[in-house]
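Structure, as structure tokens:
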Amino acid sequence: MVKTISDGIVISPIKNGTVIDHITPGEGLTVLRILGIRDGTNVTVIVASNVPSSRGGRKDMVKIENRELLKDEVDKIALVAPDATISIIRNFKVSVKKTVEVPKQITGVIKCPNPNCITNTKEPVQSKFVVHPRGFRCQYCDSLISSEMDIGDYI
Ligand SMILES: Nc1ncnc2c1ncn2[C@@H]1O[C@H](COP(=O)(O)OP(=O)(O)OP(=O)(O)O)[C@@H](O)[C@H]1O
Ligand SMILES: [Mg+2]
Ligand SMILES: [Zn+2]
């Protein structure tokens, strides 16, 4: 079997699928959770965690066979891994490569940490967060999810 070397890690290449590279170290499993991949999910996945990055420092990396991502999924990944690159692999080659972008406004994705927020009641109001210099702010109750908090805990 031919191997591919990715920043010093030797793995089998995938024929078709998606590579999410340059993930914030430690967030690879959060990315899997965002994609609904968990124990018992019948997909082939390779996760590398806390490996040296060619760009310096460390990173996580996720490779998923036979799956291409939806825009909604990419937008969620951007929240936990703003430096991630997404490469679609077709017939062993990078067919499309893109960076992720943190949306200015995030609707229906982040759960507000304030239990009394209208978005956490029975009212049919979707959560809405806007990018703030120190994190993400709820448009309804002004709760701040600061950069020191783990945004992944609220997705
Ligand atoms: N067939 C494949 N199977 C698995 N992973 C692949 C395959 N082809 C490319 N990759 C991975 O896809 C990612 C993007 O490929 P690319 O060739 O752009 O990497 P790169 O030159 O290391 O880019 P970067 O500067 O973003 O790290 C890399 O992580 C690479 O290891
Ligand atoms: Mg690389
Ligand atoms: Zn709120």
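The values are calculated or read from the model by the stated rules, or taken from the named source; none is laboratory data. As the structure is a computational prediction, the values presented were derived from the model and not from experiment. Every residue, glycine as well, gets a Cβ built from its backbone with ideal geometry; the counts of neighbours run over all protein chains shown. To get the accessible areas, we keep the full protein, side chains included, count just its heavy atoms, and leave off ligands, DNA and RNA. Shrake-Rupley method; radii C 1.70, N 1.55, O 1.52, S 1.80 Å.
Computed quantities for the displayed model
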quantity	calculated
Nearest-20 debye value, region 36-105 charge dipole, Cβ charges on Lys, Arg, Asp, Glu	260 debye
Solvent-accessible ranking of D72, D7, D21, largest area first, probe 1.4 Å	D72, D7, D21
Heavy-atom accessible area ranking, 1.4 Å probe, most first, across F92, F136	F92, F136
For the chain, size of Cβ-based charge dipole, Lys and Arg +1, Asp and Glu -1, in debye	420 debye
Whole-number accessible area per residue in Å² for region 78-155, which is evaluated in the context of all protein chains at 1.4 Å	61 Å²
Stokes-Einstein diffusion coefficient of region 4-99, Kirkwood radius over Cα pairs, 10 °C, 1.306 mPa s, in µm²/s	120 µm²/s
Acute angle (nearest 10 degrees) that the helix 71-80 long axis makes with the longest principal axis of the chain, alpha-carbon atoms	80 degrees
For Y140, residues with placed amide H under 5 Å, excluding near neighbours	K128
Accessible surface of region 105-154, 1.4 Å probe, proportion on carbon and sulfur as whole %	47 percent
Euclidean distance between Cα centres, region 52-82 to region 86-149, Å	15 Å
For region 41-57, Karplus couplings with θ = phi - 60° (6.51, -1.76, 1.60), whole Hz, Gly/Pro x	6, 8, 9, 8, 9, 10, 10, 10, 10, 6, 9, x, 9, 5, 8, x, x
Contour excess over end-to-end distance, with Cα ends at R134 and S147 and 0.36 nm allotted per residue	4.1 nm
For H132, distant residues with modelled amide H under 5 Å away	R137
Probe 1.4 Å - accessible area at E65, Å² to nearest ten	60 Å²
Heavy-atom accessible area ranking, 1.4 Å probe, most first, across T121, T18	T121, T18
Heavy atoms of D83: accessible area, 1.4 Å probe, square angstrom to 10	110 Å²
With DNA, RNA and ligands ignored, accessible area of S49 (1.4 Å probe; Å², nearest 10)	70 Å²
